[in-house]
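A short write-up of the structure that comes next.
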Amino acid sequence: MQSLFQSFTVIPLPWRAPFYAAAVLALLLAVGGMWARVRLWGLGRRGRRGPLSDAGLGHLIWLSLSKFFSADCLFARRVFARSRWRGWMVMAFVWGSLALIGAVILSAGFYAANRAMPAALDRWASTALDVAGTIILLGLLAALGRRYLFPPKRWISVSADGGLLILFALAVFSGLVMEGLRLAGPGWEAALRWPIGAALGAALNSLALPPEVWERLYLAMYFAHAGFGLSLLAYLPFSKLFHLVASQITTFAALTPPSGAQAAPQPPLLSRNIPRRERGRGSGPALSEVEGVRARDSQ
Amino acid sequence: MKTRLDISLADNLTPLQLIAFDACTRCNECLNWCPVLDVTGDESLTTPEKIRIYGDLIRSRHGLLSSVAGPPSVENGLLEKLKDALYTCTTCGRCGEVCEVGINTQQLWPAMREKLVELGVGPMGAQDQTGPLTAEHHNPYGRLHAERFAWLPPEIEVAERAEIGFYVGCSGAYVAQPMVIGAVRAFASVGAPFTLFDDEWCCGFPLFIIGDNEQVAEIVRHNVEGFVARGVKKLLVSCPCCTFMLRERWPEFYGAELPFEIVHTTQFIAEMIAAGKFKLTKSIPDRLTYHDPCYLSRGVRVIDEPRAVIAQIPNVDFVEMADCRELSKCCGAGGGLRRCNPGLSVDMARRLMADAEAVGADTLVIDCPACFERMHLALGGMVTDLKIVDLMELVSELF
């Protein structure tokens, strides 16, 4: 059975240089793009009343990093207050991404340091990658369904947001298919370590293709997955996904009540008497009812 | 036709407000709560679009390309679209209250409007009269300044100097007199001496909210100095928009913290009730419901105090509307909408009154002169038994 590390060595030697160059380019675009947007925050007028009015760029960047791990963000409290459906969707993205990023950083770190990873850790990291990818994919399918199949009655968006969602889904989906192709040989014995990948592998095994075909398909899917992933990374700062960097700051600032206010319930959205709505129009009657039934001018 | 963006689009926004343009996830939850959308059905006028368009403009104006190639030009049609979206809005802040990433839209819209005014695009329609009228008459209604205190009941004693001052506000003085009459009667019954500033000017909110801030600093200085000269330490304000303006924006235009405390009249009466100095003795047979004004609930978070006052009415029959407290619906009067789109604002007021009827209320209690004016106007076109009463007006009849 292959180790998690082997994914670093599957690229044929002649392709490694252009591959890593593409990866560096994507990373530069991501970091440069992020900085280009973050620097705009510093153009604001300091000293105005209101939360974080005197915060410098460094403080804001620190909040962006640290408040990602606040209860509001990790448990999507403000989202759940409005919609359970979207709340679970966000939870899938947040926890799935955290597990995925954590496992990748861990394995890359060990690989860079000593080309080896403790077996138990390798096992956990492998499972985390496998399950986290599936959780994110479920979240993405829910988001795609909400967007294209069951859009809310009130809805406004731009096509780039749909493109971003599709790109994200392709990146995750290709990763899972790649796992299936990688595990097409070992079959169910890999299930303890990569349960989803092994299930896919078992399904693919029924095609009974020769081993060299699996290998070629696996390599193709590896490049597809890397391409989608790097594209997503490079596109992040230029898309609405940039809210990943910004929204935890506004969420944190929303906990500050206006000056001179009485102690606000914390969090404000969970106070009593607040109706919960999934979606749709408000509770009031339609205008036609108001005017038609009660307006004098309609009599 | 194109307009060159040769002004900064960011220098009047706080860093947090600039972050808001990057934080919006376009989840569209705000659309479910927009009272303007309830009536117009036009999604292009809603929060995600305002944020998207202005965010794009900022990135285009202040991005790296702009620093190399100079300020960009944008189609006038886009600026007109942004103007429609920004001004066809009561700035009620309900979208911000439900925002899943906590964007404070109530504070954001006026700052964006200020930039549209600077670009020569805003304000909208008859809103452009607000500035000249206020400059000439010290109120946005164009009413005679000499008549600002014409409503004052002769039996009410006003001190020359006192620690408690009362800022009447233009709407209370000219279009919702029962509210301020009720307020001064309540103050008198408490036995607390209070003073008025006989040359009181508009608080500047009607100008601030449409983005036309040219006169505001002068207005603020005049009013602050007038109340300071009368020895005021605690300034009572009955209008929610004035309360918000005085608490949140006056210190900035004044350039320092205010030398007095700002307290909404309902907060003051609630304090007096808690201290045992104010008691309501008469009952009312009606079933009451209460509308939280946008700038009182979401603006300055005075939410429990009005209910505490209503609860003092003996044997009161009170019911909450479906949309209440922080999530109350807007009556349509705010944000200068009643000036640039009066029909829309009246339609919104009718919806709110229909909500009050839906819970079986006989009387809709409000706590805002703008709501008072708008709902009485809307009442004119409806067949309904619903009564609209201001809380101070109600209170002054029950002690």
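The values are calculated or read from the model by the stated rules, or taken from the named source; none is laboratory data. These numbers were taken from a predicted model, which means no experiment stands behind them. Counting neighbours? That spans all protein chains shown, and the Cβs are built from the backbone with ideal geometry, glycine included. Quick note on the areas: whole protein, heavy atoms, side chains included, nothing else; ligands and nucleic acids left out. Shrake-Rupley method; radii C 1.70, N 1.55, O 1.52, S 1.80 Å.
Between B:CYS340, B:CYS371, the distinction of being under 30 Å from B:ASP212 (Cα atoms) and crowded, with 23+ Cβ neighbours inside 10 Å belongs to B:CYS371 only. In segment B:107-131, of all residues being touching a Gly at 6+ places or on another chain (Cβ under 6 Å) and open to solvent by 10 Å² or more (accessible area, probe 1.4 Å), the one that is modelled with the lowest pLDDT corresponds to B:GLY122. When residues in segment B:217-238 are screened for being outside any helix (DSSP H, G or I) and either of a type in the set (A, V, I, L, M) or open to solvent by 10 Å² or more (accessible area, probe 1.4 Å) (or both), 8 of them pass.
Checked across segment B:54-66, the condition of being within 7 Å of chain A (Cβ to nearest Cβ), open to solvent by less than 30 Å² (accessible area, probe 1.4 Å) and under 27 Å from A:GLY162 (Cβ atoms) holds for at least one residue. In this structure, B:THR91 qualifies as more than 7 Å from chain A (Cβ to nearest Cβ), on the phi > 0 side of the Ramachandran plot and among the hydroxyl-bearing types (Ser, Thr, Tyr).
Quick check: is even one residue across segment B:24-34 of a type in the set (A, V, I, L, M) and modelled with pLDDT under 95?
Of all residues in segment B:24-34, those of a type in the set (A, V, I, L, M) come to B:31.
The next check asks that each one be modelled with pLDDT under 95; those that pass are none.
Looking for residues that are of a type in the set (A, V, I, L, M) and modelled with pLDDT under 95, one finds none in segment B:24-34, hence no.
Looking across segment A:131-153, the residues that are assigned to a loop (DSSP other than H, G, I, E, B) and open to solvent by 30 Å² or more (accessible area, probe 1.4 Å) come down to A:PHE150, A:PRO151, A:LYS153. In segment B:16-32, of all residues being at the interface with chain A (Cβ under 7 Å from one of its Cβ atoms) and under 24 Å from the mean Cα position of the chain (by Cα), the one that is nearest to A:ILE61 (Cα to Cα) corresponds to B:LEU16.
Can you name the residue in segment B:33-48 that is facing another protein chain (nearest Cβ under 8 Å) and acidic (Asp, Glu) and, of all such residues, is least open to solvent (accessible area, probe 1.4 Å)? Taking the candidates together, the pick is B:ASP38. Of all residues assigned to segment B:84-104, at least one qualifies as being among the hydrophobic types (A, V, I, L, M, F, W, C), part of a loop (DSSP other than H, G, I, E, B) and more than 23 Å from A:TRP41 (Cβ to Cβ). Residues in segment B:277-293: is at least one in contact (Cβ under 8 Å) with a residue 12 or more places away in the chain, within 13 Å of chain A (Cβ to nearest Cβ), open to solvent by 10 Å² or more (accessible area, probe 1.4 Å) and under 21 Å from the mean Cα position of the chain (by Cα)? Taking every residue of segment B:277-293 in turn, none turns out to be in contact (Cβ under 8 Å) with a residue 12 or more places away in the chain, within 13 Å of chain A (Cβ to nearest Cβ), open to solvent by 10 Å² or more (accessible area, probe 1.4 Å) and under 21 Å from the mean Cα position of the chain (by Cα).
The set of residues in segment A:4-57 being among the hydroxyl-bearing types (Ser, Thr, Tyr), surrounded by 13 or more Cβ atoms within 10 Å (Cβ to Cβ) and within 26 Å of the chain's Cα centre (by Cα) consists of A:SER7 alone.
Kindly check whether there is at least one residue in segment A:117-124 that is open to solvent by less than 50 Å² (accessible area, probe 1.4 Å) and at pLDDT below 90. Yes, because at least one residue in segment A:117-124 is open to solvent by less than 50 Å² (accessible area, probe 1.4 Å) and at pLDDT below 90. In this structure, is A:ALA191 of a type in the set (Gly, Ala, Ser) and closer than 29 Å to A:MET89 by Cβ? Considered against the rule, which asks whether it is of a type in the set (Gly, Ala, Ser) and closer than 29 Å to A:MET89 by Cβ, A:ALA191 comes out as yes. On inspection, B:PHE244 passes the criterion of being within 13 Å of another protein chain (Cβ to nearest Cβ) and at pLDDT 95 or above. Taking the condition assigned to a helix (DSSP H, G or I), more than 29 Å from A:PRO151 (Cβ to Cβ) and among the charged types (D, E, K, R), does B:ARG52 pass? No, not satisfied.
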